[in-house]
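The structure that follows is given in the form of structure tokens.
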Amino acid sequence: MAQTETPKLDAGDRFPTMTISLLDGSSMTLPDDLSADFTVFLGYRGKW
């Protein structure tokens, strides 16, 4: 399987913009739809 290099975030870096699908069918754009100054993002990739 081919591997690609993924850039890593450093302290102070802005989280990259991404749109995710939520379980209720709606979507959320990160980090723009978050109102808190600090957030913990836990992602589950599901089935590949």
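Show the residue pairs that are 6+ apart or on different chains and have beta-carbon atoms under 9 Å apart, the first residue being within the range 1-19 and within 15 Å of Thr39 (Cβ to Cβ) and assigned to a loop (DSSP other than H, G, I, E, B), the second being of a type in the set (Ser, Thr, Tyr) and at pLDDT 85 or above.
Close Cβ pairs (under 9 Å, with a partner that is of a type in the set (Ser, Thr, Tyr) and at pLDDT 85 or above) amount to Thr17/Thr29.
Something else now. In the range 20-48, what count of residues is obtained for those that are without any contact (Cβ under 8 Å) to a residue 24 or more places away in the chain, surrounded by 10 or more Cβ atoms within 10 Å (Cβ to Cβ) and within 8 Å of the chain's Cα centre (by Cα)?
3
What's the total number of residues in the range 21-35 that are over 19 Å from Leu9 (Cα atoms) and among the hydrophobic types (A, V, I, L, M, F, W, C)? Walk me through how you get there before you give the answer.
To start, the set of residues in the range 21-35 that are over 19 Å from Leu9 (Cα atoms) comprises 21-28, 33, 35.
So of that shortlist, the ones also among the hydrophobic types (A, V, I, L, M, F, W, C) come out as 22-23, 28.
The total comes to 3.
The values are calculated or read from the model by the stated rules, or taken from the named source; none is laboratory data. Keep in mind it's a predicted model, so treat the numbers as computed, not measured. Cβ: placed from backbone, ideal geometry, glycine included. Neighbour counts: every protein chain shown.
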